[in-house]
2 protein chains.
Amino acid sequence: MSHELVKTKGTQIPRYYLIQRSILNRIEKGEWAPGEKIPPEKELAAIFGVSVGSVKTAMLNLSNSGFLNRVQGKGTFVAGSVIGRDRRRLYNFVSDFETQNEPLSVKLQEIKAVEGIAPICGYLTLPPNGQMFRVTRIFTLHESSIILSISYLAQRLFKDIDKLPRDFFESNPLYKLFEDTYKLPTIRYQEMFSAVQAPVEAVNFLQLSESVPLLKVEMLALTFKNVPLEYRISYCNTKDLKLFRMPFRMKTHRWGV
Amino acid sequence: MSHELVKTKGTQIPRYYLIQRSILNRIEKGEWAPGEKIPPEKELAAIFGVSVGSVKTAMLNLSNSGFLNRVQGKGTFVAGSVIGRDRRRLYNFVSDFETQNEPLSVKLQEIKAVEGIAPICGYLTLPPNGQMFRVTRIFTLHESSIILSISYLAQRLFKDIDKLPRDFFESNPLYKLFEDTYKLPTIRYQEMFSAVQAPVEAVNFLQLSESVPLLKVEMLALTFKNVPLEYRISYCNTKDLKLFRMPFRMKTHRWGV
DNA sequence: CGTAATTTGTACGTATGTATG
DNA sequence: TCATACATACGTACAAATTAC
């Protein structure tokens, strides 16, 4: 029994926190991959040389923060991307506060190697002439095009993504592709909202008769250690449907509030 | 010692959940008001006839969900509105992903009794000719007007709010006024985003030379039992600054991830 | 199909550490 | 310095879900 936590006496850092960090470290290094089962509480308690209670606290914290999924009777598993964690998506397109969410369908328009676009290289921590892929997609609802989405990815991280079959892009969300094929789960993301006059590409792709105001959403998706994965610009036609943010609810123990 | 939890044996509902509900119930009824100190763990354990551990679990859940604030050595206190819970606000106006948040200042433009505006009465669960107050405010940054914000409140809930001094509206956020003066904390809110051509009021108040695209944010703020408090339309000029959503982080125990 | 083994969930009791006033 | 109240930590027991036999 090799206790990994050599000593905590004399320190003010709680043991469960050290365990959290240790587990998270293994996940970040890919030692424990998304979907994988990690050792049970009792086993971890032995490994770390602490009580099951301390391991439980650590695992509950990591579960609450979305890094682990715990299932009674089965075990504890490494979670994937943030975005897919909740059953429902964070954003939906609705016509009113009361109406239900409508599912959008995706169509891949183009995937192309590009390089050196000024502010985007900065977001992706690439040099000014950095090699990127540009993924252009259209989101439609009932035959009408609602969103033009343009994603930029570092070629370094997503080798040969342009060789993948189109189907990969249309049957799954992009973050799922990152996670499954490239082992890069999305851990957090930032968003910026603004309103713009529709640029020409948007007028074409969204089949607008003229330049109308569009909701522009810029998103930066990051994985572990704040490494940027994707910078995305979405132009949303909010004439009929508006972008709705679900009220956030966190789960705590199994019986949340 | 009058045990409030008569029995849980034979049921599948955990004790800590019943305690949660009981505490939350007292808060909703105003028995324990925002800011007030609630009995310590040991005392509650005696009241409910359970162990301190069960009370702790219940209180941690309520703390994580934002209904309670716990301070080591002081006690547990009833929290106020969601919006002010985190130190930083959920939304900020920035020019770029990297830039820091800029503090906006508020100016009350007008507060007026109005009635029967079609979809808004529905949002506020008022009859079609319902009596409301309309609060018009301008948010500025460095002398330039960024946001025109129009709030609608039910007169029934906010009696004589139009008699309050202007200062009340300009020195504090609106949710703070709701909570402090009317004892109505904001428990959750929904938002809808869209892009619109600036309407005439916005052109005037935001001193626009012409009609430009504006980010329109509709918000519905709710208190306990999903009672609507405020329906707000914000027109944001995103020419220079964009609406930025902070990456969400939840706290679990004191030493979060 | 029932039974046992595994694993997490709930619950109790106790002891000690640490922040607050 | 001391009492109070929450935080951390241990150990134990049983319940409930899942899987394998």
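Some observations on this one:
- Qualifying aspartates and glutamates (Cα of each under 19 Å from Cα of residue A:163; at least 8 residues distant if same chain): A:110, A:115, A:179, A:180, A:230
- Within the accessible area of segment A:83-243, the carbon and sulfur atoms contribute 50%, probe 1.4 Å, all protein chains present.
- Solvent-accessible area lost on pairing A with B (1.4 Å probe, both sides summed) amounts to about 4800 Å².
- For segment A:28-35, putting each phi into the Karplus relation 6.51 cos²θ - 1.76 cosθ + 1.60 with θ = phi - 60° gives couplings of 5, 7, x, 4, 10, 8, x, x Hz, in residue order, rounded to whole numbers and with x for Gly and Pro.
- Vicinal HN-Hα couplings computed from phi for segment B:182-192 (Karplus, 6.51 cos²θ - 1.76 cosθ + 1.60; Hz; Gly/Pro x): 10, 6, 10, x, 7, 8, 7, 8, 10, 9, 10
- Once the gyration tensor of the Cα atoms in segment B:83-243 is diagonalised, the equivalent ellipsoid follows with semi-axes of 25, 19, 16 Å, ordered largest first.
- Amide H contacts under 5 Å for residue B:198: B:212, B:214, restricted to partners 5 or more places along the chain or on a different chain, H placed in the peptide plane at 1.01 Å from N.
- In segment B:179-226, the residues that give up 30 Å² or more of accessible area when the other protein chains are added, compared with the chain on its own (1.4 Å probe), are B:188, B:190, B:191, B:192, B:193, B:194, B:195, B:197, B:213, B:215.
- Computed Kirkwood radius, in angstrom, where 1/r is averaged over Cα pairs of segment B:5-79: 12.5
- Burial of accessible area (probe 1.4 Å, heavy atoms of protein chains only) in segment B:41-68, relative to its chain alone, reaches at least 30 Å² for B:61, B:64, B:65.
- Interchain or long-range residues, amide H under 5 Å from residue B:238's placed H: A:195, B:215
- Cross-link pairs beyond the 28 Å C-alpha cut-off, checked among A:42/B:37; A:183/B:242; B:74/B:176; A:74/A:176: A:42/B:37; A:183/B:242
- Heavy-atom accessible surface of segment A:111-151, averaged per residue, reaches 43 Å², computed with a 1.4 Å probe.
- Set of lysines near residue B:239 by C-alpha distance (under 17 Å), chain-local residues within fewer than 8 positions excluded: A:216, B:216
- C-alpha center-to-center spacing [segment B:172-224, segment A:29-54] in angstrom: 47
- The HN-Hα couplings worked out from phi for segment B:203-208 by the Karplus form 6.51 cos²θ - 1.76 cosθ + 1.60 (θ = phi - 60°) are 4, 5, 5, 8, 6, 8 Hz, whole numbers, x standing for Gly and Pro.
The values are calculated or read from the model by the stated rules, or taken from the named source; none is laboratory data. Predicted model, so just to flag it, every value in this text is computed and none were measured. Just the protein is used for accessible areas: all its heavy atoms, side chains included, with ligands, DNA and RNA removed. Shrake-Rupley method; radii C 1.70, N 1.55, O 1.52, S 1.80 Å.
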